[in-house]
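Beneath this line is the structure, given in structure tokens, with notes to follow.
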Amino acid sequence: MLVKTENLKKHFQIGRGQNLHAVDGLSIEIAENEILGLVGESGSGKSTFGKTLIGLHPATSGKAYYKGEELPQRFTAADHLKYSRELQMIFQDPYSSLNPRMTVLDIVGEGISIQGQHTQSQVKELVAEWLIKVGLNADHMSRYPHEFSGGQRQRIGIARAMIIEPRFVVCDEPISALDVSVQAQVINLLDELKRSMGLTMLFIAHDLSMVRYVSDRMAVMYLGTLVEMGPSDQVFFEPQHPYTKLLIESNPEPDPRLERERGFVPIQGEITSPVNVGAGCRFADRCPSMSEQCQRETPPITQIASDHVVSCHLFS
């Protein structure tokens, strides 16, 4: 396995005696050249997990491994310099993730400049090369972020991450702020880079259809925990956890007539508070299959097939 986590947790202290359980014991494995799709509602901890995994947030507890080597819980400057050569991230918001006071040359070339292995002219050549690879022009390097559209900014963010030629990339909702036509362009670009560079990716998104299309396996998160994980087609077409079923049912039908006729019932109830979470299933208050056991005991991760796991008392 290229990337692995064991019971990884990230809690934020938000007051005296109050801890927000953003990521609460996630254990996953990602093989080399694999794309793992990570889905869930807003606030489920997807982005926090990705940032904790590559050291942008210090872990509260648990372990993360890269190529069999345990990553530090809290990265130092030396750790960032060491691992940034192979671990990178494409951020969600193309408007806030680019420094408005830096030119595209400075933004895209910053990573390789910090590594100190290239001259200034070589950095400029590499930036020009990567701008062309992501569908921009080499003369764009003298411009500032405000001069570009959302799709162009996201391409700049992709170039910034890829110019270092990493092996593992966290794609944090790289298409959520873009128009549908631009989303397809960015997805095709990422697919092309994956094949040409042999990339391994954690692809975070809300759009389950898109995640099924781009990923080899799909993991579903709810309030900081893993509820189901398996091959993308299997999770999408044969979901087992009640939350996964409801999440996939909420995916709209492309045909307006079928969308009107399907009689979809949205997920009922309020989301449980992620602060000082107690025992029990976190989805219990919204689950149509809830029992007393669900409110008392946290469900274990159960293997229901060779490559399919689910966290639910219905299977334990």
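Each reported figure results from applying straightforward, stated rules to the coordinates on display, with no laboratory input. All values reported here derive from a predicted model rather than from experimental measurement. Quick reminder, even Gly has a Cβ in these numbers, built from the backbone with ideal geometry, and neighbours come from all protein chains shown.
Against the main long axis of the alpha-carbon atoms of the chain, helix 104-115 sits at an angle near 90°. Calculated on the alpha-carbon coordinates, the convex hull of the stretch 90-131 measures out at 79 cubic angstrom per residue. Over all pairs of different C-alpha atoms, the stretch 1-113 has a mean inverse distance whose reciprocal, the Kirkwood radius, equals 15.7 Å. In the frame of its principal axes, the stretch 248-312 has Cα extents of 43, 34, 21 Å, reported largest first. When only the Cβ of Lys, Arg, Asp and Glu is charged (+1, +1, -1, -1), the dipole of the chain relative to its Cα centre reaches about 740 debye. Could you give the angle, 0 to 90 degrees to the nearest 10, between helix 180-197's Cα long axis and the longest principal axis of the Cα atoms of the chain? Helix 180-197 sits at roughly 70 degrees to that axis.
Eigenvalues of the alpha-carbon gyration tensor of the stretch 178-295, scaled by 5 and square-rooted, set the equivalent ellipsoid semi-axes at 29, 20, 13 angstrom, largest first. Per-residue ellipticity at 222 nm, computed for the chain from helices alone with -39500 (n - 2.57) per DSSP H run of at least four residues, works out to -9500 deg cm²/dmol. Each semi-axis of the equivalent ellipsoid for the stretch 132-188 is √(5λ) with λ an eigenvalue of the Cα gyration tensor; in descending order they amount to 17, 16, 10 Å. When the Cα positions of 303, 213, 8 are compared along the charge dipole of the chain, 8 comes out farthest toward the positive end, with charges on each C-beta of Lys, Arg, Asp and Glu. Remark: C-alpha extents of the chain on the principal axes read 67, 50, 40 Å, sorted largest to smallest. Evaluated at 20 °C with a viscosity of 1.002 mPa s, what Stokes-Einstein diffusion coefficient in µm²/s does the stretch 101-165 have when Rh comes from the Kirkwood expression over alpha-carbon pairs? It comes out at roughly 188 µm²/s.
Taking GluC sites (Glu not before Pro) across the stretch 249-316, the ones in a DSSP loop with at most 15 further Cβ atoms lying within 10 angstrom of their Cβ are 270, 297. Dividing the C-alpha radius of gyration of the stretch 150-236 by 2.2 N^0.38 Å, with N its residue count, gives 1.10.
The Cα center of the stretch 1-57 and the Cα center of the stretch 184-245 differ in position by 15 Å. Once you list every other residue whose beta carbon is under 10 Å from the beta carbon of residue 235, what net charge do they have if Lys and Arg are +1 and Asp and Glu are -1? That sum, taken over residues with Cβ under 10 Å, equals -1. Between helix 150-162 and the chain, what is the angle of the helix's C-alpha long axis to the longest principal axis, kept within 0 to 90° and rounded to the nearest 10? With both axes taken from Cα atoms, the answer is about 80 degrees. A simple charge model with +1 on the Cβ of Lys and Arg, -1 on the Cβ of Asp and Glu and nothing else charged puts the dipole of the stretch 1-143 at about 440 debye relative to its Cα centre.
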